[in-house]
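Novice: Here it is: the structure, laid out below.
No lab work stands behind these numbers, since they all come straight from the coordinates. Source: prediction; values computed, not measured. So basically every Cβ, Gly included, is an ideal-geometry build from the backbone, and we count neighbours across all protein chains shown.
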């Protein structure tokens, strides 16, 4: 009886922790979108805390069937571009009054897995039986070698968010 109770207790803790992770967009079988702002630079003249750049890095991955990797990667990129635009605008607004952000055009993932590589990555990363599939679909805005941050790699890449002073009149 005690063993059964202990087993049920552990099982309920696992289920509760899995549900809370999934709510945050995180679980063993999926990750993201998660983001970080890298290398904020202010290039404005004295008194201008707006003008400059920042790198908005976002990353998502999921263990899915290999046949859905290409479609899922495109969906990841679309979701991340929308969220990156919002992050860019929010960051620039925080720099000062009349400061606005513009995300540069993002055409493709900075790093992703092809369907062929996704199967191998899924095996090495452990996409298990509890996941929707065994292939690892991945997309990040910057190539940071499958990490959210990798200063050595991202410092060589151009910023994707430009902060500028909005000179239009707000009536």
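Novice: Where the convex hull is taken over the Cα atoms of segment 27-165, what is its projected area averaged over directions, in nm²?
Specialist: Over all viewing directions, segment 27-165 projects a mean Cα-hull area of 8.5 nm².
Novice: Gain in length, residue 147 to residue 117, computed as 0.36 nm per residue apart minus the alpha-carbon separation, to one decimal in nm?
Specialist: Answer, rounded to one decimal: 9.1 nm.
Novice: Treat the count of other C-beta atoms within 10 Å as a stand-in for reagent exposure and order 77, 153, 141 from fewest to most.
Specialist: In order of increasing Cβ crowding within 10 Å: 153, 77, 141.
Novice: A follow-up question, please. Using only Cα atoms, locate the centre of segment 91-133 and the centre of segment 141-171, then give the distance between them in Å, rounded to an integer.
Specialist: 14
Novice: How do 87, 48 rank when sorted from fewest to most other Cβ atoms within 10 Å of their own Cβ?
Specialist: Ascending number of Cβ neighbours within 10 Å: 48, 87.
Novice: I need 86, 152 ordered by Cβ neighbour count within 10 Å, fewest first.
Specialist: Listing 86, 152 from fewest to most nearby Cβ atoms yields 152, 86.
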